[in-house]
Amino acid sequence: MPELVEQMYCSQQIVIPPKFPYILKRYCKAAIKTQPYDLLRWSYEYFTALAEHRPPPVKLRLEYPIYSTEGGLTRGCLKVLANQLSGMTSVPLPAVRQAWRGFCLDTNELNQILCLCEVYMREEEVSFLRFIAVAGGLLTKTLTHTMILLCETLTHEPDGGSAAIPVQDFLVMYRFLAAMDASKDVKYLNGYREGETPKTESTMEEEEQVTSQVVSEPDTVSDEYWGETKQLQKLNLTNDLVPQTTRLSLKLNMPALGKIERSPSMERAGQIERENYMRERKGRAAASDDVDQKLRQMSGEELPDQDKKGMVAGRQMSTTSGEFIVAQVERDIMDYINEQIAILPDPDLKKKKAKPEEVAMIKELVENYLDENMEVIVPEVEEVEEEELPIPEVTVVYAVPGIGPEVDEDLVQEVEYYLLDVCKVQADMVMPRNIRHFLCPPLEKYKEHDYDNLPSKEELAAGGALTD
C-alpha cells in the first residue's frame with residue numbers, strides 16, 4: 001500500500017505550461033481551416049514554421065465545399081503561398097519547395113509549374129509573379145478567369161472588395177501567360193522542351209561577350225568623317241530601307257563571291273615534294289627492264305594457300321588505308337628488292353632463271369618488310385568505349401486550359417492600351433470589374449463556331465412516323 005500511495009498523482013504534482021492551451025487551441029483551429037491531406041506531415045511543417053518565426057501553412061478560412069484538385073492545390077493555398085513568398089522579386093527554389101511542402105501538395109505538380117516557368121533544373125530562382133501566374137492557371141478553365149483569380153490572390157484588400165492590384169504586375173503576368181502555348185501536352189527532358197537544345201556554358205559566355213561588345217562600341221563617327229573621306233558614302237536609312245542609287249545598285253547586283261583559284265604556293269609545295277623524292281631515289285640502284293620482267297615472272301608463280309591468304313588480307317587492309325599509302329608502300333617494296341638484288345654476290349643473276357631458294361629469300365624479305373611496317377600501312381585504331389549517357393529526367397506537362405494557346409500580339413496590345421487608359425483614374429490599379437467590362441477587349445482568342453455547316457437533323461412531318 002505505501003508504494004501505491006507514493007505513485008498517485010494529484011493536481012499539485014502535474015505542471016501544465018500556461019501557453020499550452022493557447023497553442024493547442026490555435027493548432028486545432030488551423031487544422032480545421034486547412035483540412036490537410038496528411039495531418040501528421042502538416043503538423044510537422046506547422047510547428048517548424050512557428051519555431052522558425054515564419055508564417056505557418058494555414059488557410060485564412062475553411063473552403064466549403066472543399067475544393068479538390070489532382071495535385072491538392074486550391075485557391076486558399078495559392079493565397080497563402082502568395083503571402084508567404086511576397087516581398088521578393090525572385091524567389092529561391094528551396095524556399096518555394098519548403099512553402100509547397102507545408103501544404104502537403106504534390107511535388108510533381110510543382111515540377112510542372114517550374115517547367116512552364118522555364119527554370120526547372122536550369123536556374124536556382126524563379127520570378128514571383130510568373131510562379132503565381134502559372135499556379136493560378138492550374139485552377140481555372142480560361143485565361144480570363146485566371147487573371148481575375150490572380151487579382152483576387154495578390155490584392156491586399158479584404159474579401160468582398162474591389163481586389164485591385166498594380167497595373168504593371170497585371171501586365172507582366174498577362175504578357176507571360178499570353179506568350180505561352182499550354183494548349184497541348186509537352187514532354188520536358190531535364191527541364192528543356194522535347195526537341196529544344198540546351199545551351200551550354202560556352203554558348204552563354206559567347207552570347208554575353210557579343211552583347212557586351214555591341215553595347216561597348218557605340219556609333220561615335222561624326223558627319224565630318226564622311227565629308228573628309230571621298231571613297232566612303234554615308235547612307236541614310238528610311239524606314240529600315242537603303243535608298244537605291246545608280247552607283248550603289250550596280251554594286252549590289254555584282255556577285256558577292258567570285259571563282260576561288262588554287263593558291264600557287266600549294267602547287268609549288270607539291271612540286272618540291274616530288275623533286276625531293278626523285279633526289280633521294282637517285283642514290284638507290286636503278287631498276288632495269290630485266291629486273292622488272294624477273295619480278296613479274298616471280299609474281300606469276302603459284303604461292304601456298306597461307307601466303308595467298310596473307311597477301312589477300314594485306315591487300316584488303318592496304319585498300320582500306322587509302323590508295324596513296326598503298327602506292328607508296330609498293331614503290332618502297334620494289335626499291336628495297338632492287339637494293340637486295342644489286343648486292344647479290346652473283347652478277348649474272350639477271351641472265352639466270354630464279355632458283356626456289358632465291359624466290360623464298362625474296363618472299364621472306366617482303367614478309368619481313370610488311371611485318372615491320374604494318375603499323376604505317378594500317379595504323380591501329382584504338383577502340384574508344386562509348387560513355388553511358390545519363391538517363392534524362394522526364395517531366396510530362398499536361399495541357400493547362402487556364403493558360404491555353406498563344407495569344408496574338410495585336411490582341412495583347414489592345415488589352416494593354418485599354419488597361420493603361422483605365423488605370424489613370426484608378427491610381428494605376430486594375431480590378432476584375434475592368435476585365436468584365438463590355439469595353440474591355442477579349443484577353444484571349446475564342447473559338448469561332450461555324451453555324452452554317454452544322455450537321456442537319458432529320459425532320460419529321462406532323463403526325464408522321466419514321467419508317468425504313
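The values are calculated or read from the model by the stated rules, or taken from the named source; none is laboratory data. The shown structure was predicted, so the numbers you read here are calculated from the model rather than taken from an experiment. Note that we place each Cβ from the backbone using ideal geometry, even for glycine, and neighbour counts take in every protein chain shown. Just the protein is used for accessible areas: all its heavy atoms, side chains included, with ligands, DNA and RNA removed. Shrake-Rupley method; radii C 1.70, N 1.55, O 1.52, S 1.80 Å.
Search the structure for amide H atoms under 5 Å from the amide H of residue 430, placed 1.01 Å from N in the peptide plane, and list their residues when 5 or more places away or on another chain.
165, 167
Can you tell me which of 91-97, 168-174 comes out highest on packing, and rank the rest after it, using the mean Cβ neighbours within 10 Å?
Values: 91-97: 15.7, 168-174: 19.4.
Descending packing order for the listed peptides: 168-174, 91-97.
By how many nm would the segment from residue 38 to residue 184 lengthen if fully extended, with 0.36 nm per residue of separation less the alpha-carbon distance?
Stretched fully, the residue 38-residue 184 segment lengthens by 49.4 nm.
Whenever you get a sec, compute what percent of the accessible area on the stretch 103-143 sits on carbon and sulfur atoms (1.4 Å probe). Don't jump to the answer; show the numbers that get you there.
On the way: 560 of 1510 Å².
Carbon and sulfur together cover 37 percent of it.
Just list whichever of 59/447; 79/187; 59/141 have alpha carbons separated by over 32 Å in the model shown. Could the numbers behind the result be given before it?
Working: 59/447 37 Å; 79/187 29 Å; 59/141 23 Å.
In this structure, 59/447 lie more than 32 Å apart at Cα.
If packing is taken as the mean number of other Cβ atoms within 10 Å per residue, what is the order of 112-118, 405-411, highest first?
Descending mean neighbour count gives 112-118, 405-411.
Near the amide H of residue 396, under 5 Å away, which other amide H atoms are found, from residues 5 or more places off or on another chain, if H is placed in the peptide plane?
Residues meeting the criterion, in which the H sits 1.01 Å from N, are 188.
Relative contact order for the stretch 1-160: what percent, with Cα pairs under 8 Å and sequence separation of 6 or more?
The normalised contact order for the stretch 1-160 reaches 19 percent.
Taking the Cα centre of the stretch 113-155 as the origin, how large is its charge dipole in debye, to the nearest 20, when only Lys and Arg (+1) and Asp and Glu (-1) carry charge on their Cβ atoms?
So the dipole magnitude of the stretch 113-155 works out to roughly 220 debye.
Please compute the modelled spin-label separation between residue 272 and residue 334, points set 7 Å along Cα→Cβ, answer in nm with one decimal.
With each label point 7 Å from Cα toward Cβ, the separation is 2.7 nm.
Determine, from the Cβ-Cβ distance of residue 68 and residue 445 and an R0 of 51 Å, the FRET efficiency 1/(1 + (r/R0)^6), rounded to the nearest 0.05.
The calculated FRET efficiency here is 0.95.
Given a 1.4 angstrom probe, what's the average accessible area per residue across the stretch 1-144, in square angstrom?
62 Å²
Based on the mean of other Cβ atoms within 10 Å per residue, sort peptides 121-129, 390-398 so the most packed one is first.
The packing order, highest mean first, is 121-129, 390-398.
Keeping all protein chains in place and using 1.4 angstrom, which order do 162, 68 fall into by accessible surface area, from largest down?
Numbers: 162 40, 68 100 Å².
Of 162, 68, the descending order of accessible area is 68, 162.
Given R₀ = 45 Å, FRET efficiency for residue 141-residue 23 by Cβ-Cβ distance, to 0.05?
Values: r = 41 Å, r/R0 = 0.91.
Approximately 0.65, to the nearest 0.05.
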